[in-house]
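Shown next, in structure tokens, is the structure this report addresses.
The values are calculated or read from the model by the stated rules, or taken from the named source; none is laboratory data. Keep in mind that this is a model prediction, so the values were computed, not measured. Reconstructed Cβ throughout: ideal geometry from the backbone, glycine too, with neighbour counts over all protein chains shown.
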Amino acid sequence: MNIIIGAKPPLLEFVGTIIVPKTTCKFSVKNKIVSINHEQYMVDENFIRYFLWENNGKIEYPIAEHPLGYADLSRSSLDNFIIDEIGGEAKVETTLTGMFLLLDRQNDCRDDVLRNDNNNIFFIKDQYGSVMCTHIWRFLLKWRNEHTYG
């Protein structure tokens, strides 16, 4: 009996590119979370561990305008397979600044890049310079939050 193994479909299906505008100020993730009604953002435990540590949280310096590609994940996968398919950490990395800009644009109904479920995945450097996977999404309606930011 012969078993024929077909090629797997691509893990990611390219959707498009959006331009992340340049910024001129430092970006503090803690100030961003605290300065708005925190019930609009839902973050995973990794986000808290990697970007909201202790009392400070991650600070990013101004960024230049740059393109950011986005794709649909065709099936569940581990982070390392997603990173490999895209071409390595340097190609998957984005910033908290860019991520929050996308969230704000989604809230203003200016873009339909982000999904309204938990499938938005971002790869962002943590405080030690390691590229980490995190999920964050924004709800227009109230949601239940087990974390308090203060």
Requested in this report: Find all pairs meeting these conditions: Cβ atoms under 9 angstrom apart; at least six residues apart or on different chains; first residue within the range 61-77 and of a type in the set (Val, Ile, Thr); second residue at pLDDT 85 or above and in a strand (DSSP E or B).
Outcome: ILE63/VAL20; ILE63/PHE27
Report task. Give me the pairs, please: first residue somewhere in the range 8-20 and farther than 20 Å from THR95 by Cα, second residue anywhere and charged (D, E, K, R) and assigned to a strand (DSSP E or B), beta-carbon distance under 6 Å, and either six or more positions apart or on two chains. Result -> GLU13/ASP72
Requested in this report: Looking for whichever is farther than 18 Å from HIS135 by Cβ and either touching a His at 6+ places or on another chain (Cβ under 8 Å) or at pLDDT below 70 (or both) here; the options are ASP44, ASP108, ASP84. Which one fits?
Outcome: ASP108
Requested in this report: Starting from residues that are aromatic (Phe, Trp, Tyr), under 17 Å from PHE100 (Cβ atoms) and at pLDDT 50 or above, keep the ones in the range 123-149 and report whichever is surrounded by the fewest Cβ atoms within 10 Å (Cβ to Cβ).
Outcome: PHE139
Query raised in the report: Scanning the range 11-32 for residues that are within 20 Å of GLU85 (Cα to Cα) and surrounded by 13 or more Cβ atoms within 10 Å (Cβ to Cβ), which turns out farthest from the chain's Cα centre (by Cα)?
Result: LEU11
